[in-house]
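Step one of this worksheet: look at the structure below.
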Amino acid sequence: MKNTVILFCALCIAAAMFAGCKKNNALRPEVVLKLAHALDITHPVHKGMVYMAEKVWEKSGGRMKVEIYPSEQLGTEKECIEAIQLGYLAITKTSTAPMEGFVSKMKIFGIPYLFRDSEHFWKALKSPAGKEVLWAGQSKGLRGLCYYDAGARSFYSKKAINSPADLKGMKVRVQNSIMSIKMIQAMGGSPTSIPFGELYTALDQGVVDAAENNPPSFYTSRHYEVCKYYTMDEHTMLPDILVISTRVWNKLTPEFQQILQEAVDESVEYQRKLWAEAEQNDLKTVEKQGVKIIYPDKQPFRDSVKSVWDEFEGTEIGDLIKRIQEVQ
Ligand code: GCU
């Protein structure tokens, strides 16, 4: 009797192990897409992408998987864009700012004070002009999948910035972007391009005096530990963008293309909600951590960047400016 029980138990264990193996095999994905980006895992844009990856997995029944590599693990935003072009990396999430160097129409987002507010921003992104810019990199190996909310960018520093006059003589960190350089120069500061992952140390060691970003990035990067003044001048609204390598996209079956695009579109709605919450909460949190939030008169900031607008009159970007302004 005892032997029969032992044999029965052994058979049960073997059966369970076999079932487990079969299940694991069934879940081995046919396609694995690597996605790299620069942000911390607590950032609302990262969380939006995690949601997207979950949707891809669910919708494909485990046949397609998106693996996310945050915090510049696979390189800076510029390096990731280059890897996408070559097809070494499948997907990247980058700010639209470093995309300018590859896709000229992306410069549109670097025009300071282009958008009236968040509603105008989203209407414009969903308008034909917004879609044209999203897909403008396709022939260069950079197929836009969606925009994510990245709010408005404002200055932060160890010293209070109340007007553009305070930027005079300040070294201001900018992204890898000619538009950001032009903007800071127009405002009277000295721009220095530094990758996001190196910025904490650069601020801490005084390599730069100031930087600019949205509240969730200011908070999740912990730059608030070093910079105790945050000036809500909200000079630019640069969306984040999810980009897939055109080569990789073309190799996906139409079914997988559809699953991926659907998952991406659903994640945009989810990410926008996360963003709205994070923006409010993170400002309050940094304030509690001793950051002084300054609400300046924005007019002097607007006036200081007129030359950036003027430069694009009669160009492709000038045209896009008009089309975006017309979006109601
Ligand atoms: C934002 C953006 C990032 C970018 C960063 C930067 O946080 O979401 O993609 O890396 O700005 O200033 O470099």
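The values are calculated or read from the model by the stated rules, or taken from the named source; none is laboratory data. Only a predicted model underlies this, so the values are computations on that prediction, with no experimental measurement involved. No Cβ is skipped: glycine too gets one built from the backbone with ideal geometry, and neighbour counts run over all protein chains shown. To get the accessible areas, we keep the full protein, side chains included, count just its heavy atoms, and leave off ligands, DNA and RNA. Shrake-Rupley method; radii C 1.70, N 1.55, O 1.52, S 1.80 Å.
General remarks:
- Projecting the Cα atoms of Leu145, Ala124, Phe109 onto the dipole axis of segment 107-148, where Lys and Arg carry +1 and Asp and Glu carry -1 at the beta carbon, places Leu145 farthest toward the positive end.
- Solvent-free Debye calculation, one equal scatterer per alpha-carbon of segment 225-328: log10 I(q)/I(0) at 0.20, 0.24 Å⁻¹ equals -1.12, -1.23.
- Taken along its three principal axes, the alpha carbon spread of segment 104-162 comes to 44, 25, 17 Å, from the longest extent down to the shortest.
- Given the chain, longest segment not containing exposed loop GluC sites (Glu not before Pro) (DSSP; at most 16 other Cβ within 10 Å): 31-312
- Charge sum, other residues only, whose C-beta stays under 12 Å from Trp135's C-beta, Lys/Arg counted +1 and Asp/Glu -1: +3
- Local electrostatic count, Asp204, Cβ distance below 11 Å [Lys/Arg +1, Asp/Glu -1]: 0
- In plain terms, the bigger the Kirkwood radius, the slower the diffusion; for segment 77-129, with that radius from Cα pairs, at 20 °C and 1.002 mPa s, Stokes-Einstein puts D at 171 µm²/s.
- Think of each Lys and Arg Cβ as +1 and each Asp and Glu Cβ as -1; about the Cα centre, that makes the dipole of segment 188-235 roughly 100 debye.
- Accessible area per residue for the chain, computed on protein heavy atoms with a 1.4 Å probe, is 47 Å².
- Dipole moment magnitude, nearest 20 debye, the chain about Cα centre, only Lys, Arg, Asp, Glu C-beta charged: 840
- Counting only DSSP beta bridges with both residues in the chain, the antiparallel share comes to about 55 percent.
- Surface share of carbon and sulfur [accessible, 1.4 angstrom probe, percent] for the chain: 53
- Along each principal axis, Cα extent of segment 94-221, largest first, Å: 41, 30, 28
- Kirkwood Rh and Cα Rg combined as Rg over Rh, evaluated for the chain: 1.09
- Taking 0.890 mPa s as the viscosity and 25 °C as the temperature, the Stokes-Einstein diffusion coefficient of segment 53-149 based on its alpha-carbon Kirkwood radius rounds to 165 µm²/s.
- Kirkwood-type hydrodynamic radius, segment 155-311: 17.4 Å, calculated from all non-identical alpha-carbon pairs.
- Computed from backbone phi with θ = phi - 60° and the Karplus coefficients 6.51, -1.76 and 1.60, the 3J(HN,Hα) list for segment 202-213 is 4, 5, 4, 8, x, 5, 10, 9, 8, 8, 8, 5 Hz; x is used for glycine and proline.
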